[in-house]
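As structure tokens, the structure follows; a few thoughts come after it.
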Amino acid sequence: VITHAAIKCSFSFYILFLLNMILPQPPTITHQSPKDFIIDPRENIVIHCEAKGKPHPSFSWTRNGMHLDIDEDPKVLMKPRSGTLVLDISGGERAEEYEGVYQCSAHNELGTAVSNSIILRQSRSPLWSKERISPIIAQKGQSLILHCRPPAGLPPPIIFWMDNSKSNSIVCVSQALNGDLYFSNILPEDSRSDYICYARFPHTQTIQQKQPISVRVLDMDSLNDTLADYFNHTDLFSDKPVDEREPVFMVPSESVSSTVVLRGEILEMECIGLCLAVMSLMFPFTSFLNFSKTLRITDVSEADAGEYRCIANNHHGSVHHTIRVTVNAAPYWISAPRNLVLAPREMGIITCRAAGHPKPSIRWLMNGLPIENAPRDPSRSVEGDTLIFSEVQTGSSAVYQCNASNEYGYLLSNAFVNVLAEPPRVLTLPNTVYQVIMSKPALLECVTFGSPLPTITWFKDSMLEGNAYVFHENGTLEIHKSHPSNSGKYTCVARNSLGLSENHVYLEVKEPTRILRPPEYREVQRSRDVVFECKAKHDPSLVPTMTWLKDDGELPDDERFRVDSDSLTITDVTESDAGTYTCIINTTLDQDSASAQLTVVEALPTPAVIYEQPGAPTDLELTDLVARSVQLTWTPGEEHNSQFLIQYEDALHQSGVWHNLTEVPGTKTTAHLKLSPYVHYSFRVLALNNVGFSRPSMPSRQYRTSPAAPDENPTEVKGHGTEHNNLVITWKPLTPQQANGPGLQYKVMWRQQAIETYWTSVSVANVSKFVVSGTPTFVPYEVMVQALNDYGPGPKPGAVIGYSGEDFPSAAPGDVRVLLLNSTLAEVRWSPVPLESVRGRLQGYKVQLSSHHIFSPNKTSGKLPDLLPYSIYSLRVTAFNGRGEGPTSAAQRFETPEGVPSAPSFFKVSTFDLDSLMLEWGPPYERNGRLTGYTFKYQTVNSKNDLGLLEELDLPSNQSSFTLHNLPHSTRYKFYISARTQRGAGPMLTEEAVTVRGHCDGLMMSLCLSVPPVAPAFGNVSSSMSKDGALISWEYWGTKKLLYVEYIIDKSDEDWHKEKVNGSQFHVLKGLKKGLAYKVRVVARESTRVSCSSSSSSSAMVSPQVDIATQGWFIGLMSAIALLILILLIICFIKRNKGGKYPVKEKEDAHGDPEIQPMKEDDITFGEYSDEDHKPLKGSRTPSSGTVKRDGSDDSLVDYGDSGDTEFNEDGSFIGQYSGRSDRDARHDSSEPPSPVNAMNSFV
């Protein structure tokens, strides 16, 4: 049984299958790139051209009118079974080399379809030409124009000015359509030095800016007042006040202008005047912008042509401007040509009607060639925009192109003429069963195909005719109002001159679903129970489902709500339960619904009788006992305005469980009850009013109904196979109440569809599965399951279709070949396995490589990404179905080309001697080819972090160290190294070092030197202070996804604190305690295992210059002098208190104060932390760690107690000082060259 929607879906698929797989069809273009195709030069170029046809069309291209040979350029590829071109410019090719006019042709033996002419151009975002812009001086109240003049781009840029309305009223500042900025009434507040015009090129998402324009506004009124006082109130500048001027337009300058716009485009007109004038327009059009200075009309039509007038006026006068608008139009379709299918000796026409202004000319082509150059066909004639075909013959199929063009563009459309001689085919699925509800219309489909077009005739016992039926042109039979007598077998017959075809369908008219006892209004006291009843009637062959809603939504997820087969019970009612409850009965064909309101009330202080709980009914008596009904009588208790609920218990099948049977009004004390066979009934009655239920009555005496044959069959019948030679039939068994009697069994019936005529059957009991053995592999079976008991069988069941088991595919895909696309991507192609070898339902193809790649069953090729460069692979292809994989194809070996190598495994710099640095590195973990050498670069870095001249050296692949000699001491260098293959250079490692003198080992850095090759790589780990906390940043190019920043207080024994990083390369540590030093490290983990902790390590040394301030003996001497002075001060204080005197002045003159002694210029002082330490290197990514700067010589040692520094530990973590900047730090910034002490506080 198939519903109407499922049949429509199946029909569509079936029709498409026949038309596309059986009937020949000329090519049709289904997808193509736009006519004006602007590309991003940074991405590969993809020009789309897709077509369909039978046989599948082949494709060719022209470029600038000449044939394009795809094989000549290895960068140009055409997708398989497609005309789409892929131009690979990832290797550095220039996109403009591929600019031009492209056209695609799709052809098979029946004709040729062509695409539009696709003009391929690359987007351009040029820079502004360099110019020197003089400052502009303007008088207050005057008008001013700032010209933008953006560079011409492709497509044109979007113009905007940065903050052009910050001071002035936005009414007085306007950006014109050409991008210029207009000041209608400039004010002194508009004086700025940075008016900048920006051009945003949307295709490449780039923004270019013009040189800033400086504007200075003079207030001549203030100057006039000052000079007037000086010259005895003489008014030297006697122009009219600004607010007394007559209105004038800044743009347009003339009184009349004209513009031409194309149909469908956007028209924008502008009038910019002094902001003291009131602007108005003569017509209420689509939208006004920019305070009515701009009028915009979208989707322009010919009706928008005419004269437009804008008016500016004030109390001194008015001025107007007239704009004459002319609307032209590129060609647009009135009636585009359509495909034509004709039978031999038939006639037909193809029309091509287009409009435009000027009127477009029509030109016809056949298979891509002008029709006048095409082979002559006596059955074809051209009359302007119409092709006429008469008495066509087999072999006249072709694709015709209509080109409608004028000076503003063109339209091109393909339409084929397909001459077919085909006998009728009925495409509707045979033996389709239509189900419809009684009194509803029924539609029986008879979809056909044939050439000539077949005529359709319907039969049911005899040919159908009369007003009771409607015969649609598409073959569908409609019955206005279905009746049970309309059920039965219908036959549709399709005829043409070449033969006939017929098909049988079936119509079943079902009874409607109706709710017989809907839920009723209930008013219940809080904390009581309430029951809503909902009983329905439906067609016996349909399975209903009941759904309850509360206020049109789902019922609350609360165990107090209990849904039974025909009722809804709510226990312990609360105020939130009040609302509208809806019962919905659904079948596969229709539904019915009913609603009732629930009101929850509070108990009154003085209960009335109506709110008392009713008394329990008594004296239950059964009379009129028959096979399927009984009469129940009872005596009510204290009623209290109640009604009655009758429940039953089935002692045979569910002893102790009571089910709701029916409700009876309070005016009745008897009920006629319908019963089911083979049930041991006991009844009880409950009274119900607004307060709630009474106690149940005592049960009635038991009444046992007689057994009978089943009224229904098992549901959910299915057939499937678990082995290649079996069929497993399953079903949902009947419940004991559905059995209707003892000895319940199931008659299982099956036969092979379209092969076997007679059913094979077997009867089983107490199971819900039966296995049929010895079946052919994966063939359709019709399956039925019928219930029967000791009193007879159930109703005749309906058949379902199931398939026997699948077997492993017996054949391997053939013609396996591999196409290398680049060093990490390959494409594998194969021929599909024969359909008979699948032995089941083909689920796809599996390519066995280092990992499995699965492709859908309709694929014959697939991409293999993430390959390793310069590696040898072996792959096999298998087909698989639901049972498993078939045999593998022959192994295909292929070798990926070389790629660029990874970064060297480590890179460190160490001091070799006084003026030399030694550089050491390791080969890359991933060579990706034969190493051809290393590229080594270095440059100096000055105190302002500016980079010097870059030096470059090429080193052989077998070298792992290099020494730089004759370097100046105390100079900071930045080093870069990368490995090379023939494909190019890989990523670089970067280090910084300072040349030193003496015993130290210099600055050394490395990147995860001790981790294995699979560990991630870190570089350039740094720290800096921000307003939010400590900013930790790093470089990371590893493969592990879990990154953490861990930190502890320096020299503490506590555990590391860990914070997860969300995919970025920086992290802010918040809540650190001010004034403490912290040790921080970056950790990469895979699951719970640390892959590479500590991304960088360093040991920093003091400058090799002899600094007396850092020598131990000098520090000891200064300490002794400070102690001596302290003792002398104490003695002096004691003597003063005693009245004595002490010659302090003489002592100070003799010894001097070491803290105020001037230091020599060559002395090196301690560095201080300042914001200047965070300036990045120009032209490079430099960490923002602190850099010690040289300060004045009057600093004392005490000042350095809180100085910020950063150092590395041997385990690779770094320590950052998290403290505020002191006032002294802010006063002692210096721009002198850095000393080697700077290296202690710098990160790379």
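Of the candidates Val785, Val838, the single residue that is of a type in the set (A, V, I, L, M) and at pLDDT 95 or above is Val785.
With respect to (1) more than 30 Å from Arg927 (Cβ to Cβ); (2) open to solvent by 60 Å² or more (accessible area, probe 1.4 Å); (3) of a type outside the set (Val, Ile, Thr), the lone exception for Arg817 is condition (1). Residues in region 63-80 that are surrounded by 15 or more Cβ atoms within 10 Å (Cβ to Cβ) and either of a type in the set (Asp, Glu) or under 17 Å from Leu821 (Cβ atoms) (or both): Lys75, Val76, Leu77, Met78, Lys79.
The residues in region 387-402 that are outside any loop (DSSP other than H, G, I, E, B) and surrounded by 17 or more Cβ atoms within 10 Å (Cβ to Cβ) can be counted, and the count is 7. Scanning region 621-636 for residues that are farther than 25 Å from Pro707 by Cβ and either outside any loop (DSSP other than H, G, I, E, B) or open to solvent by less than 30 Å² (accessible area, probe 1.4 Å) (or both) yields Glu621, Thr633, Trp634, Thr635. When Phe770, Phe778 are checked against the criterion of being open to solvent by 40 Å² or more (accessible area, probe 1.4 Å) and touching a residue at least 60 places away in the same chain (Cβ under 8 Å), Phe778 stands alone in meeting it.
Checking Lys550, Lys535 one by one, the residue that is at pLDDT below 90 and farther than 21 Å from Glu716 by Cβ is Lys535 and no other.
If you go through region 871-897 and pick out every residue that is of a type in the set (D, E, K, R) and outside any strand (DSSP E or B), you end up with 1.
Under the condition of being assigned to a loop (DSSP other than H, G, I, E, B), at pLDDT 90 or above and among the β-branched types (Val, Ile, Thr), which residue from region 678-731 is farthest from the chain's Cα centre (by Cα)? Only one residue tops the list, namely Thr705. Just one of (1) more than 48 Å from the chain's Cα centre (by Cα); (2) closer than 30 Å to Ser258 by Cα fails for Tyr308. It is (1).
Within region 796-814, if we keep just the residues that are of a type outside the set (Gly, Ala, Ser) and open to solvent by 60 Å² or more (accessible area, probe 1.4 Å), the residue that is farthest from Tyr758 (Cα to Cα) turns out to be Phe808. I'm trying to understand the selection: among the residues of region 820-850, which are over 30 Å from Leu727 (Cα atoms), open to solvent by less than 60 Å² (accessible area, probe 1.4 Å) and small (Gly, Ala, Ser)? Result: Ser823, Ala826, Ser831. Residue pairs whose Cβ atoms lie under 7 Å apart, sitting 6 or more positions apart in sequence or on different chains, and linking a residue in region 804-822 that is closer than 30 Å to Arg983 by Cβ and assigned to a strand (DSSP E or B) to a partner that is open to solvent by less than 60 Å² (accessible area, probe 1.4 Å) and β-branched (Val, Ile, Thr), are Val816/Val828; Val816/Val877; Val818/Val828; Leu820/Thr896. Would you call Glu422 loosely packed, with under 15 Cβ neighbours inside 10 Å, under 30 Å from Trp364 (Cβ atoms) and not basic (Lys, Arg)? No; evaluated as a whole, the condition is false for this residue. Tell me yes or no: at least one residue of region 105-119 is within 26 Å of Leu825 (Cβ to Cβ) and buried (at least 18 other Cβ atoms within 10 Å of the Cβ). No, every residue in region 105-119 fails to be within 26 Å of Leu825 (Cβ to Cβ) and buried (at least 18 other Cβ atoms within 10 Å of the Cβ).
Gly83 falls short on exactly one of the conditions (1) part of a loop (DSSP other than H, G, I, E, B); (2) exposed (fewer than 13 other Cβ atoms within 10 Å of the Cβ), and that condition is (2).
The set of residues from region 536-568 being open to solvent by 30 Å² or more (accessible area, probe 1.4 Å), in contact (Cβ under 8 Å) with a residue 40 or more places away in the chain and among the charged types (D, E, K, R) comprises just one member, Asp564. All conditions but one from (1) open to solvent by 40 Å² or more (accessible area, probe 1.4 Å); (2) over 30 Å from Pro430 (Cβ atoms) apply to Pro24; the one that does not is (2). For region 88-153, give me every one of the strands (runs of 3 or more DSSP E) that falls completely inside it and has 3 or more residues that are polar (S, T, N, Q). Counting at least 3 such residues, we get 100-108. Starting from residues that are open to solvent by 50 Å² or more (accessible area, probe 1.4 Å) and among the charged types (D, E, K, R), keep the ones in region 890-914 and report whichever is modelled with the lowest pLDDT. For region 890-914, the residue satisfying everything is Asp913.
Selection of region 930-949 for residues being of a type in the set (A, V, I, L, M, F, W, C) and over 19 Å from Ala903 (Cβ atoms) yields Val941, Leu947, Leu949.
When we screen Met366, Met347 for residues that are under 28 Å from Ser105 (Cα atoms) and open to solvent by less than 40 Å² (accessible area, probe 1.4 Å), the only hit is Met366. Only one of the listed residues (Leu917, Leu931, Leu867) is modelled with pLDDT under 90, of a type in the set (A, V, I, L, M) and in contact with a strand residue (DSSP E or B) (Cβ under 8 Å, 6 or more places away or on another chain). That residue is Leu917.
The values are calculated or read from the model by the stated rules, or taken from the named source; none is laboratory data. Not measured: the values here are computed from a predicted model. Positions of Cβ are generated from backbone atoms using ideal geometry, with glycine treated the same way; all protein chains shown enter the neighbour counts. The accessibility values were calculated without ligands, DNA or RNA, using every heavy atom of the protein model including side chains. Shrake-Rupley method; radii C 1.70, N 1.55, O 1.52, S 1.80 Å.
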